[in-house]
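Report on one structure; see the data block that follows.
The values are calculated or read from the model by the stated rules, or taken from the named source; none is laboratory data. The model shown is predicted, which means the values in this text are computed figures rather than measured ones. Cβ placement follows ideal geometry from the backbone for every residue including glycine, while neighbour counts extend to all protein chains displayed.
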Amino acid sequence: MNAPDPHSQFARDPYPAYAAMRGECPVQAVASGSSGRHSYLVTGYAEARQALGDSRLSKDTAVFFADKGPQRRLHPAVAHTMLASDPPRHTRLRRLVTGAFTSGAVAGLRPFITRLTDQLLDRWSCGSEVDLVAGLAVPLPVLVICELLGVPAEDRPQVRRWSAELFAAGEPARADAASHAVAAYMSGLIASRRSRRGDSLLDRLISACDGEDRLTEEELVSLAVLLLVAGHETTTHFLGNSVLALLRHPAELERLRGDPGMIPRALDELLRFDAPVSTSTFRFSTEAITLGGTEIPAGVPVLVAIGAANRDPDRFPAPDVLNLERDATAHLGFGHGIHRCVGASLAKAEAHIALHAVLTRFPGIRLAVPADRLEWRRTRLVRGLASLPVRL
C-alpha cells in the first residue's frame, strides 16, 4: 500500500473506502506498492482484534527480511525495537520499561503537563488565528517525552525534526538517514547520563533490572529511540484529530464544554472516531491461517487498519457519528494484546489536560479554514494533520 496523497479524498476521509472494502470482505489481499507483491489488509473489528492478539502473526522484522536481501538502511535501534519483536524478547523488554508508565507515575506527571500546557496557551490571544498543531499538538508531547528522557532543551527542535522524518512516507532515504542520526544522538545522551546520573526516565532505564537481567547497550538505545519517537508522534495526532472532530461536531463540542468532567470518557470515543494510528505496525504470518474467512498463506505481511476496525458497525452502531456518550472503551486506537501501547495512560493524560485547557480558555474556538482545505500528513502508519488553523 502506498501512502495517501495529503490532498486526496482518501487522506481527508478514508472511512468510506474502508467501509466499502469491509463490506466486500473484512480481510483481503492488497497490492504493496509497485513490487507486484501482496499484503493482507484487515478492516473488520473482530478480525482486527483477533489479528492483533494472534501469536501466529509475528512482529519480528529481522526474521521476515533475513533472506530477502537489504531492503532499507534503517539503524538497527529503529528497525529492531521492542515493537518489532516477539516473546520472549518482547516480554522481557516490556517488563523492564512498563514501570515508567504506571498510573501512579503518570499521575505524578500531571502537574508538569498542566504547567507546560498553560505556558503554550499563554502565547495565544482571543480573536487571533493560530495553528493548533504547531502551537500545541506538536510541542506539548515533544516537551513531555524529552523532559522525561532528559533531552536538553536546546536539542529538542532537532529531535522533533528527526522524528518527523522517520515517518516521511515515500522518502526512504530521508527516513533511513534520520534513523541513524537519532540513534547516534541517543547513544551520546546515554553515555553522558552514565557519568552524571539523575532521575529521568533514561536514567531509570540505564539502571533498570529484573533480578539479574539488565538491558544491553543496544537494547537501551533502541528503547530510548522508541520512547522518544512513539512518545510524541501519535499523541500529536491524537490531539489534532480530537480537536478537529469536536470543531466539526458543534453539538458534541458544546456538550463537552458544558461538562468538562466528560473529557476522560470522551477520549475513548475521540480515539475511536479518528484514530491517530491508521494502520498497525508490521506483522507477517508464520504459518497459513484463516482470518475472517480468508486464507492467508505463510510468510506474507498482514496490515491491520485500526481506523477501519474502529468504524465497524458490527461493533460500534452508527460508527460515523461522533457520540461522546458512547462506551468506546473497546476501541483499538492503542492496539490490543501484548503489544498494546505501553504509553497509553500518558497519552490520555496529555490529551485530557490539553483539551480541558483549550475548551475552558478559548470557548469560542472554531476552524479558520474550510475542513476540506486542511492538509493531512503523508504517511501510512499515522493519520494526522499537517496543520490545524483555528480562530480563537
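Quick notes on this one:
- Residues that are of a type outside the set (Asp, Glu) and assigned to a loop (DSSP other than H, G, I, E, B) within the range 299-313 comprise 299, 300, 310, 311, 313, listed in sequence order.
- Candidate set from the range 219-276 (those that are among the charged types (D, E, K, R) and free of Cβ contacts under 8 Å to residues at least 40 places away in the same chain); member that is farthest from residue 149 (Cα to Cα): 254
- The set of residues from the range 213-263 being at pLDDT below 95, of a type in the set (A, V, I, L, M, F, W, C) and under 17 Å from residue 343 (Cβ atoms) comprises 223, 224, 225, 226, 227, 228, 229, 230.
- Each residue in the range 352-387 was checked for being among the hydroxyl-bearing types (Ser, Thr, Tyr) and either under 16 Å from residue 247 (Cβ atoms) or touching a helix residue (DSSP H, G or I) at 6+ places or on another chain (Cβ under 9 Å) (or both), and 2 of them qualify.
- Candidates are the residues of the range 248-298 that are in contact with a helix residue (DSSP H, G or I) (Cβ under 9 Å, 6 or more places away or on another chain), in a helix (DSSP H, G or I) and aliphatic (A, V, I, L, M); the one that is surrounded by the fewest Cβ atoms within 10 Å (Cβ to Cβ) is 262.
- Restricting the range 74-93 to residues that are in a helix (DSSP H, G or I) and more than 17 Å from the chain's Cα centre (by Cα), the residue that is nearest to residue 186 (Cα to Cα): 77
- Residue within the range 105-118 that is of a type outside the set (Lys, Arg), within 22 Å of residue 215 (Cβ to Cβ) and free of Cβ contacts under 8 Å to residues at least 40 places away in the same chain present: yes
- Some residue of the range 208-228 being within 27 Å of residue 354 (Cα to Cα) and touching an Asp or Glu at 6+ places or on another chain (Cβ under 6 Å): no
- Subset tally (residues that are in a helix (DSSP H, G or I), charged (D, E, K, R) and under 24 Å from residue 167 (Cβ atoms)) for the range 339-392: 4
- Residue check: residue 73 meets all listed conditions (1) at pLDDT 90 or above; (2) within 19 Å of residue 218 (Cα to Cα); (3) not hydrophobic (A, V, I, L, M, F, W, C) but one, namely (1).
- Top-ranked residue in the range 20-66 [being basic (Lys, Arg) and within 19 Å of residue 288 (Cα to Cα); ranked as farthest from the chain's Cα centre (by Cα)]: 37
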